[in-house]
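Q: The structure under discussion is supplied below as structure tokens; questions concerning it will follow.
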Amino acid sequence: MTELMVHRYTAAQPGLFVNSYLLETEEAVVLVDAGLLVSDARALAARLKALRKPLVAAFVTHPHPDHFNGLPYVAGDEVPVHATAPVAKVIEETAVAKREQWRPVYGEEWPDRFRVPDRTLDDGEAVEVAGLRIQAHDVGPAESHADSYFLVESGDRRIAFIGDLAFDGVHSYTTDGHSGAWLAVLDRLTRALARVPLYQGHGAPGDAGLLTRQRQYLLMYRETVRRLAAGAPSLSEAQKLELEQIMAGFVPDAPLGWLVGLGADAVAAELAS
């Protein structure tokens with residue numbers, strides 16, 4: 001059996017506390033997601049270098065920049081980058097616009113280049129790399145416009161990298177407006193991954209309880225938006241502030257509270273339609 005060690009690199013608050021993972025086996029290393037900011041990507045590359053093993057593949061769970069921005073700084077051009085076809089397509093279509101939107105905020109910390117995954121995987125398709133079997137699962141729109149997770153098998157050991165299908169310890173990003181579909185995905189995965197350790201995009205690894213808590217968060221968020229919007233496709237600034245206060249009480253001390261108001265209009269429009 002291939003011995004597998006999972007190394008987690010977590011960015012600080014400017015990098016949205018996002019996780020990147022280095023999967024180390026006897027022979028090589030595999031990367032899952034690559035962070036948002038240049039400084040974090042370089043720190044991740046330094047951690048990879050310290051392992052003294054080659055990076056032989058990278059995988060991207062979904063097309064939000066905090067999961068693919070750092071690829072050019074960690075994975076050389078010779079390293080294949082895997083993702084489901086919908087994830088690769090959304091990255092290709094949105095990366096430039098995301099850079100134009102956020103580089104004025106982040107400055108030189110926002111990469112001036114990006115990589116589109118060049119090895120696309122169908123739902124259920126698996127690849128063998130570094131002694132591991134890694135199977136892609138396309139779940140469609142949920143937290144983002146195209147979500148997936150990767151089931152990694154090493155002998156009898158099975159673990160899953162679920163990207164942002166669940167958040168733990170930070171507020172959730174709802175701005176892509178698929179909260180209803182996200183709830184349906186969570187219902188399916190709670191059963192499918194009931195006994196599988198889960199490695200998520202934000203927060204510590206855990207079990208299927210992560211999915212249950214994410215479902216509770218989304219139900220609370222949607223119901224509060226529904227009540228405040230009263231059928232309107234958007235919220236006023238005062239209503240957004242009330243939403244933020246309610247969600248802060250629901251998950252006390254959770255950082256990234258600004259995400260709550262950011263996604264309010266998208267969810268109000270989703271519910272209104």
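Every number here is computed from the coordinates shown, using simple stated rules; none is lab data. Here the structure is a predicted model, which means the values were calculated and not measured. Virtual Cβ from ideal backbone geometry, glycine too; neighbours counted across all protein chains shown.
Q: Quick one: in the stretch 180-203, of everything that is more than 19 Å from Asp138 (Cα to Cα) and in contact with a helix residue (DSSP H, G or I) (Cβ under 9 Å, 6 or more places away or on another chain), which residue is surrounded by the fewest Cβ atoms within 10 Å (Cβ to Cβ)?
A: So the residue we want is Gly203.
Q: Within the stretch 33-70, how many residues turn out to be under 19 Å from Ile134 (Cβ atoms) and either in contact (Cβ under 8 Å) with a residue 60 or more places away in the chain or not hydrophobic (A, V, I, L, M, F, W, C) (or both)?
A: 10
Q: Just checking, which of Lys98, Lys89, Lys49 is of a type outside the set (S, T, N, Q) and within 20 Å of Glu26 (Cα to Cα)?
A: That would be Lys49, the only listed residue that is of a type outside the set (S, T, N, Q) and within 20 Å of Glu26 (Cα to Cα).
Q: Which one of these is closer than 23 Å to Gln239 by Cα and in contact with a strand residue (DSSP E or B) (Cβ under 9 Å, 6 or more places away or on another chain): Tyr199, Tyr173?
A: Answer to the selection: Tyr173.
Q: Of all the residues that make up the stretch 204-230, how many are closer than 22 Å to Ser20 by Cβ and surrounded by 15 or more Cβ atoms within 10 Å (Cβ to Cβ)?
A: Result for the stretch 204-230: 5.
Q: Among the candidates Phe114, Phe150, Phe68, single out the residue that is in contact with a strand residue (DSSP E or B) (Cβ under 8 Å, 6 or more places away or on another chain), closer than 25 Å to Ala11 by Cα and crowded, with 16+ Cβ neighbours inside 10 Å.
A: Phe150
Q: Looking at Arg115, is it among the basic types (Lys, Arg) and part of a strand (DSSP E or B)?
A: No; evaluated as a whole, the condition is false for this residue.
Q: Can you go through Thr94, Thr61 and tell me which one is in a helix (DSSP H, G or I) and surrounded by 14 or more Cβ atoms within 10 Å (Cβ to Cβ)?
A: Thr94
Q: Looking at the stretch 192-210, is at least one residue within 24 Å of Ala160 (Cβ to Cβ), over 20 Å from the mean Cα position of the chain (by Cα) and not hydroxyl-bearing (Ser, Thr, Tyr)?
A: Checked the stretch 192-210: at least one residue is within 24 Å of Ala160 (Cβ to Cβ), over 20 Å from the mean Cα position of the chain (by Cα) and not hydroxyl-bearing (Ser, Thr, Tyr).
Q: Does Ser273 satisfy the condition of being polar (S, T, N, Q) and either closer than 29 Å to Tyr149 by Cα or surrounded by 14 or more Cβ atoms within 10 Å (Cβ to Cβ) (or both)?
A: yes
Q: Regarding Pro86, is this residue in contact with a helix residue (DSSP H, G or I) (Cβ under 7 Å, 6 or more places away or on another chain) and either closer than 17 Å to Phe161 by Cα or crowded, with 17+ Cβ neighbours inside 10 Å (or both)?
A: no
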